[in-house]
Amino acid sequence: MNAELRSVAVERIRKRRNFWAHATMHLVGSVFLIAVWAMTEYRNAGGWPTGFRTGRANHDWDPWIIYPLVAGTLALMLHAWILFVRRPTTEDEIAREIERLEAQR
C-alpha cells in the first residue's frame, strides 16, 4: 500500500469524524439552548406565547434564540463545505503558484 495514499486516507477519516462530532455537539447544544430559552421565556412572559416579539405584552416571547442557532448552523455548514465540497489542492495548482511567485521576484 502506498504510504502517501494511506496518510491522506487517515487524514480524511479524522476530518470526517471531527465533522460528525461537531454536528452532534451542535445538535445537543441547540436542544439544550432551546430548552433553557423555552423555560425562561415561559417564566418571564407568564405562560405560553401568543406572539414572538420583544417585550412582555400579551405573553410575547423574545425571539433571541434565532441568533445563536443561525450562527451555529452557519458554522456547521461551513465545516461541511470544507470537508465535503472543497477539493484538495492539486500539483498543477502548486506548480502554477510557484511560477507566479517566481515571476514576482
- Summing +1 for each Lys or Arg and -1 for each Asp or Glu, what net charge is found among the other residues whose Cβ lies under 14 Å from the Cβ of ALA9? +4
- Please name which of ALA45, ALA21, ALA35 has its Cα lying farthest along the dipole of segment 1-80 towards the positive end, using unit charges on Cβ (Lys, Arg +1; Asp, Glu -1) and the Cα centre as origin. ALA21
- Gaussian network model of the chain, springs between alpha carbon atoms under 10 Å - residue of ILE82, ILE65, ILE94 with greatest fluctuation: ILE94
- Note on the structure: Rounded to the nearest 10, the angle in degrees between the Cα long axis of helix 91-104 and the longest principal axis of the Cα atoms of the chain comes to 80 degrees
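For Cα pairs less than 8 Å apart in space and 6+ apart in sequence, what is the mean separation divided by the residue count of the chain, i.e. the relative contact order in percent?
Value for the chain: 20 percent.
Bear in mind that the values in this text are calculations on the coordinates, not laboratory data. No experiment lies behind these values; they were computed from the predicted model shown. Because the Cβ atoms are built from the backbone with ideal geometry, glycine has one as well, and the counts that use them run over all protein chains shown.
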